[in-house]
1. Report yes if ARG146 is over 13 Å from VAL54 (Cα atoms) and basic (Lys, Arg), otherwise no.
2. If I filter region 146-169 down to residues being touching an Asp or Glu at 6+ places or on another chain (Cβ under 7 Å) and within 16 Å of ALA6 (Cβ to Cβ), which single residue comes out as surrounded by the most Cβ atoms within 10 Å (Cβ to Cβ)?
3. Which residue is surrounded by the most Cβ atoms within 10 Å (Cβ to Cβ), if the candidates are limited to region 15-44 and must be of a type in the set (Ser, Thr, Tyr) and in contact with a helix residue (DSSP H, G or I) (Cβ under 9 Å, 6 or more places away or on another chain)?
4. Hey, among the residues in region 181-201 that are more than 18 Å from PRO15 (Cα to Cα) and not in a loop (DSSP other than H, G, I, E, B), which one's modelled with the highest pLDDT?
5. Looking at region 45-65, is at least one residue more than 20 Å from ARG146 (Cβ to Cβ), loosely packed, with under 15 Cβ neighbours inside 10 Å and without any contact (Cβ under 8 Å) to a residue 12 or more places away in the chain?
6. Evaluate region 2-10: report whether one residue or more is assigned to a helix (DSSP H, G or I), closer than 26 Å to LEU173 by Cβ and touching a residue at least 24 places away in the same chain (Cβ under 8 Å).
7. Restrict the check to region 36-50 and report whether at least one residue is under 23 Å from PRO89 (Cβ atoms), assigned to a helix (DSSP H, G or I) and out of contact with any Ser or Thr (no Cβ under 9 Å at 6 or more places or on another chain).
8. Which one of LEU70, LEU32, LEU24 is touching a residue at least 60 places away in the same chain (Cβ under 8 Å) and in contact with a strand residue (DSSP E or B) (Cβ under 9 Å, 6 or more places away or on another chain)?
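The values are calculated or read from the model by the stated rules, or taken from the named source; none is laboratory data. Small disclaimer: the values here were computed from a predicted structure and weren't measured. Glycine also receives a Cβ, built like all others from the backbone with ideal geometry; neighbour counts cover every protein chain displayed.
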Amino acid sequence: MRILIAVPTFENISPETFKSIYNLKKSPDDILDFDFVKGYDCAVARNKIAEKAVDGSYDYVLMVDSDIILPNNTLECLLEHEDDIVLAPYPSKSDPSKLEIYLYGAIGGYPKDARFDKEFYYKRLKTENEYRYIINGGGFGCALIRTLTFALQQRPWFCYMDYGDGSLLSEDLYFCTKSRHFGYTIYTDLRVQCSHIAKKIYS
């Protein structure tokens, strides 16, 4: 399996982030390529990464933000169920007990009426037996996407939406909303506990 690991960054990649990518466990049959896109806003950078994944005929792309630290089991866990879209949880910068994954949101009305519940807490979900949840969207600090998901959707895949009334839809939630509109299911895997630089999940 060929996997593109790519970082959208306006300036630099954190050394801790790069080290965590380097230390990822992988199957002997997997081929990992690393790249980064520098100097663009996040939506443009993500579109360029998706374009490279499609043009390069990769099976998957793993997008990692420049300030996210991955546990070494990230690829093992996120690839296990061969999902089309799976997001790893990581703590919000403003509230480390809150995760950047959203459980609730209207499926209809794409994308103007998309609403996301931002009260998705790790403590509330963690159980002894469950780790995998269907979600409506989330941040793309660590996101594994099957490349075919991009190939079957129209461009742009990522886009900021400003509705002119003070409400915004970020580029990652735009992609999630659009993908759900196309019938894709989005998952999260709580076995993969990423960290923000200087932040950690409060379990």
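1. Answer is no for this residue.
2. Only one residue tops the list, namely PHE158.
3. Only one residue tops the list, namely SER20.
4. Here the answer is ILE186.
5. Within region 45-65, not a single residue is more than 20 Å from ARG146 (Cβ to Cβ), loosely packed, with under 15 Cβ neighbours inside 10 Å and without any contact (Cβ under 8 Å) to a residue 12 or more places away in the chain.
6. no
7. yes
8. Of the residues listed, the single one that is touching a residue at least 60 places away in the same chain (Cβ under 8 Å) and in contact with a strand residue (DSSP E or B) (Cβ under 9 Å, 6 or more places away or on another chain) is LEU70.
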